[in-house]
1. Placing +1 on the Cβ of each Lys and Arg and -1 on the Cβ of each Asp and Glu in the chain, which of ASN48, LEU83, CYS9 has its Cα farthest towards the positive end of the resulting dipole?
2. Between GLU14 and THR31, what length comes free when the chain is fully extended (0.36 nm per residue of separation minus the Cα-Cα distance, one decimal in nm)?
3. Return the distance in nm (one decimal) between the two label points of a simple spin-label model at ARG84 and TYR44, each offset 7 Å from Cα along Cα→Cβ.
4. Charges at C-beta only: +1 for Lys and Arg, -1 for Asp and Glu. How large is the resulting dipole of region 1-58 about its Cα centre, in Debye rounded to 20?
5. Do you know the relative contact order of the chain, to the nearest whole percent, from alpha carbon pairs under 8 angstrom that are 6+ apart?
6. Relative to the compact globular guide of 2.2 N^0.38 Å, what is the alpha carbon radius of gyration of the chain, as a ratio?
7. Would you mind putting 56-67, 22-33 in packing order, based on average other-beta-carbon counts within 10 Å, highest first?
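Taken together, the values in this text are just the output of simple stated rules run on the coordinates, not laboratory data. Nothing here was measured: the structure is a model prediction, and the numbers come from that model. Cβ: placed from backbone, ideal geometry, glycine included. Neighbour counts: every protein chain shown.
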Amino acid sequence: MQQFPCPFCGLRNEQEFHFAGEAGKIRPDTTRKVSAADWADYLYTQKNTMGEVREVWMHSPCAEIFILRRDSVSMAVLGVEQLRKNKP
């Protein structure tokens, strides 16, 4: 079983984490009319890049959201970037 590093809690079992999407994906502007095709593209289209990827993950026990850098081929964790400036 793989372990992921939470920037606040340290190394934890992968079952404690939830994948939240690709990092840097831009949500459609909801202050304007958004077509069903644009919503579908945003929700369901993934790059599926081979190699290094940046993803948004959430550590369920502490509810922190962070960026996980990993190799999508080997599944090796390359690093984490916390999104919160200070610990709660």
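1. In the chain, that residue is LEU83.
2. Roughly 2.5 nm would be gained on extension.
3. 3.5 nm
4. It comes to approximately 200 debye.
5. 27 percent
6. This ratio for the chain stands at 1.23.
7. 56-67, 22-33
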